[in-house]
Amino acid sequence: MDIWQVRDTLVCTERISGLGHGHLRLLENAESGLQVATDPVGARPGDWVFTAKGTAGRHAHRDPAILTDLAICGIIDYWPQEDIQEDSGQGQP
């Protein structure tokens, strides 16, 4: 699992049927830059979230047939400052 910040919502009018009608979000973190993730939890731009990759990302949806390799699993409300490593490049929400 990784921590990301939601930058924006992606709007795609044409997509493969395996993506269904789920929301897509543009995520950013200092280590990986920008990525696109499916969003079954309803995150908004500015939210800090944690994600699952690969097959675990697929299982984050109610329908495991959704084709994704990165899914938002939860919105982070708070984490203690002392748990953040200074060299991680991650900020606190």
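Give the residues of region 32-57 whose amide nitrogen is closer than 14 Å to a point set 7 Å from the Cα of Asp2 in the direction of its Cβ. Within reach of a label on Asp2, which here means backbone N under 14 Å from a point 7 Å along Cα→Cβ, region 32-57 contributes 32-38, 49-55, 57.
The distance linking region 17-35 with region 58-81 is 11 Å (Cα centroid to Cα centroid, whole angstrom). Taking the square roots of 5 times each eigenvalue of the Cα gyration tensor of region 2-78, largest first, gives ellipsoid semi-axes of 19, 14, 11 Å. Report, in deg cm²/dmol and to the nearest 500, the calculated mean residue ellipticity at 222 nm for the chain, where each DSSP H run with n ≥ 4 adds -39500 (n - 2.57) and the sum is divided by the residue count. Per the formula, -1500 deg cm²/dmol. A crude spin-label estimate for the pair Ala65 and Val11, with each label 7 Å from Cα along the Cβ direction, gives 2.9 nm.
With a cap of 15 neighbouring Cβ atoms within 10 Å, and only residues DSSP puts in a loop, list the trypsin sites (Lys or Arg not before Pro) found in region 25-73. Working shown, then result.
On the way: sites: Arg25, Lys53, Arg58, Arg62; in loops: Arg62.
In loop regions of region 25-73 (DSSP not H, G, I, E or B), the sparsely surrounded trypsin sites (Lys or Arg not before Pro) are Arg62.
Taken together, the values in this text are just the output of simple stated rules run on the coordinates, not laboratory data. The model shown is predicted, which means the values in this text are computed figures rather than measured ones. Cβ: placed from backbone, ideal geometry, glycine included. Neighbour counts: every protein chain shown.
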